[in-house]
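Where a number appears in this text, it was derived from the coordinates with a stated rule and is not lab data. Every value quoted in this text rests on a predicted model; they were computed, and no experiment measured them. Neighbour counts are summed over all protein chains in view; Cβ atoms, including those assigned to glycine, are modelled from backbone coordinates with ideal geometry.
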Amino acid sequence: MKKTVKNSKNSRVSQQAEKNGIKEITPKRLKKRRYILLYLAIVGFTFYAVITIINQSVQIADKKAELNDLQQQINVVEIQTSYIQKVQGYKGDELKAYMEKIAKEELGYISDGERIFINVAGD
């Protein structure tokens, strides 16, 4: 019987509060608000995580492209270095032949008695 009395008292209080324009917050409404806030926090964190992952993948792709460029530059320098080391080892007739080759190909010099023919037709 005491329970019914309490329920009737609670219902009277809630009826009076509604008449006065005051709404009573029930535990169900509080739970719903908590779930909504929790849901919004999870959705916000998910968006943040997705954006962060996309940003990092773009940065990784940029760094990989930069790494490939640097590796190509390293390969070119290594080839040039090996060529220079090979040329430094030239002595005697090898050195003379190399110097003559450079003079003809890069500087346009010719030896005594040589003739240069230029194909004007372009064939």
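Some points to look at:
- Counted charge near LYS104, where neighbours are those whose Cβ lies closer than 14 Å (Asp, Glu -1; Lys, Arg +1): -2
- Fully extending the segment from LYS101 to SER57 would add 10.8 nm, taking 0.36 nm per residue of separation and subtracting the current Cα-Cα distance.
- Expected-Rg normalisation [2.2 N^0.38 Å, Cα atoms] applied to region 27-103: 2.75
- Under the combined filter of DSSP loop state and at most 13 neighbouring Cβ atoms within 10 Å, region 26-123 retains these chymotrypsin sites (Phe, Trp or Tyr not before Pro): TYR90, TYR109, PHE117.
- Distribution of pairwise C-alpha distances over region 76-118, 10 Å bins, in %: 24, 41, 25, 10
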